[in-house]
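One structure is given below, encoded as structure tokens.
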Amino acid sequence: MSNVFYRAVNKEYLEVDYGEGIYLYDTAGNKYIDACAGAAVANLGHAHPGVLAAMAEQARKVAFSHLSRWTSKPIQELADLVAALAPASLNKLYLVSGGSEATEAALKMARGYFVERDGQSAKYRIISRWKSFHGNTIGSLSMTGDKRRKQYTPLLLNFPHIAPAYCYRCPFGKCQETCQVDCALDLERAVKMEGAESVAAFIAEPVGGAACGAIVPHKDYFKIIRQICDHYDILLIDDEVMAGFGRTGSMFSIADWGVVPDMICAAKGMSAGYSPLGAVIARQEIYDAFKQGSGVFVHGHTYGGNPLSAAVALAVVKALVADNIAENSRTIGDYLLAQMQAKLLPFAFVGDVRGKGLLLGVEIVRDKKTKEPFPVAMGMAEKLAVALLRQGVIVYPGTGNADGENGDQFLLAPPLIITKEQADELIAAMVAGFREFEKNIGQ
Ligand code: PLP
């Protein structure tokens, strides 16, 4: 027994040996399709030669210098490249080390912006949604809306949450024909209840990830959200930690709703698992408020903006652009979604198959007609993940929401370099795993 304090202390873990493209190999010599890219991270697949070369070159030069004194060519080039790819006017990159640090930074930046802009401000609350995940630090967990909050509730900030854009189980009892996008209008209700003078920002994932299995909001959702934010002088924080950098078929997912946010949080796919990195991409006006105000954004993390991670991210983003990876994500994503709808949806326990680009999800239910979920205690999402593992497929399971009432699902989010042939291999293995799972339901 080793002395590692694992996240799930009673679970058996696979021991990874090496990775190549979309595959991972364990130390016993077994091969797996990394069908969730870790946690929607390894977007370029494993052992990408260009990224490895850039990493080695930068490590030989200098791996670390602290942002309190030093800048570096890699962070400057990375900031310029990301600014060129981000929606117009989002052109300032604040670097941190991961997704939770990015959303935490956005929380403070939103608050700080109003203080800097107005001299004094009562605006500090961040509104978010149920069935969302924004990170595990106390600030980011306060914005998160799922079961991960449960044990820590007394420690969390008192931030309001609104209804999710969850069409499969519409919180307003509507269907496609009767939908009036009440889930977006719910933001206005919450703003009025809290008082707009106390609300600094609204944060949302464009396509929901870890807490909900790839729910995609209505086509008008973010336009309505943007209008409400503008009307009440509230910043829109777009959490693209999972969806960004090509995952949903565009460099930044929210662009597909025709909306420009005030900040984008990024991490995961930006350095594609080769080195920890996160960022807030902020509007020029936000940067200017700090520049013309106190001159400092008081929020630093030791590893934020280290040259090694920046050089890695620069190589990753250049490869994403050069190889038109977002386009592959869209094309193969559409193909995989169609295949999953044709081959997985017919299973009696499959309630919904959904997603965008290569951020796909499957929700499983006890009763397809009534959408009755499996009891959370049965741990069906994990059981299904284990059945898929036996077929050499690794997915990202999630069970239950904030009140533990429903939502067995898993995310399918393979590296964005996946080919059509590999997608076929993945579908065949999933069908075999689903058959095995079906035989054992109830045992
Ligand atoms: N935000 C979103 C949308 C995420 O999906 C995640 C992680 O899954 C985070 C934030 C937190 O990122 P990290 O795990 O790097 O702290």
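Tell me, ASP239, ASP424 in order of fewest to most beta-carbon neighbours within 10 Å?
Fewest-to-most Cβ neighbours within 10 Å comes out as ASP424, ASP239.
Taking VAL181, VAL362, VAL317 as the candidate residues, the one with maximal mean-square fluctuation in a Gaussian network model of the chain, Cα springs under 10 Å, is VAL181. Each Lys and Arg adds +1 at its Cβ and each Asp and Glu adds -1 at its Cβ; summed about the Cα centre, the chain shows a dipole of about 420 debye. Convex hull volume per residue, computed on the Cα atoms of the stretch 37-171, equals 196 Å³. Within the same chain, lysines fewer than 8 places from LYS318 are excluded, and of the rest, those with a Cα less than 24 Å from its Cα are LYS61, LYS73, LYS92, LYS268, LYS356, LYS420.
Most tightly packed first, judged by the mean number of other beta-carbon atoms within 10 Å of their residues, the peptides 140-153, 331-344 read 140-153, 331-344. When the chain is treated as a GNM with alpha-carbon contacts under 10 Å, the residue of CYS179, CYS212, CYS167 showing the greatest mean-square fluctuation is CYS179. In plain terms, the residue of PHE245, PHE252, PHE434 with the fewest other Cβ atoms within 10 Å comes first and the most crowded comes last, giving PHE434, PHE252, PHE245.
When only Cα pairs under 8 Å and 6 or more residues apart are kept, what is the percent relative contact order across the stretch 1-155?
On the way: 119 pairs, mean separation 15.8, N = 155.
Reported relative contact order: 10 percent.
Of all the stretches in the chain, which is the longest one without any exposed loop site, taking GluC sites (Glu not before Pro) in a DSSP loop (any state but H, G, I, E, B) with at most 13 other Cβ atoms within 10 Å? Write down the numbers at each step before the final one.
Details: sites that count: GLU12, GLU15, GLU177, GLU405.
Counting only loop sites that pass the neighbour cut-off, the longest clear stretch is 178-404.
A helix-only calculation puts the chain at -11000 deg cm²/dmol for mean residue ellipticity at 222 nm, using -39500 (n - 2.57) for each DSSP H run of at least four residues, averaged over all residues.
According to the square roots a ≥ b ≥ c of the eigenvalues of the Cα gyration tensor, what is the shape class of the chain, taking rounded for a/c under 1.5, prolate for a/b larger than b/c otherwise, and oblate for the remainder? List each step's numbers first, then the result.
Values: a/c = 1.70, a/b = 1.17, b/c = 1.46.
Oblate is the answer for the chain, as a/c is 1.5 or above yet b/c matches or exceeds a/b.
Here SER132, SER97, SER65 are placed in order of increasing Cβ neighbour count within 10 Å, fewest first, which gives SER65, SER97, SER132. Ranking GLY119, ALA243, SER271 by Cα position along the charge dipole of the stretch 51-322, where only Lys, Arg, Asp and Glu carry charges on their C-beta atoms, puts SER271 farthest toward the positive end. Note on the chain: dipole from Cβ charges, positive end direction compared against ASN30, LEU155, SER329; the farthest Cα belongs to LEU155. Look at the alpha carbon pairs under 8 Å that are at least 6 residues apart: their mean separation over the length of the chain gives a relative contact order of 22 percent. Candidate membrane-span-like segments in the chain, meaning DSSP H helices with Cα atoms spread over at least 20 Å of their own axis and a Kyte-Doolittle mean of -1.0 or above, are 99-118, 307-322, 325-343, 420-440, with no membrane implied. Within straight-line reach of LYS147, meaning a Cα separation under 17 Å, sit the following lysines at least 8 residues removed in sequence or on another chain: LYS131.
Every number in this text was worked out from the coordinates using simple rules, so none of it is lab data. Bear in mind the structure is a predicted one, so any value in this text is a computation, not a measurement. Don't worry about glycine lacking a Cβ; one is built from the backbone with ideal geometry, like all the others, and counts go over all protein chains shown.
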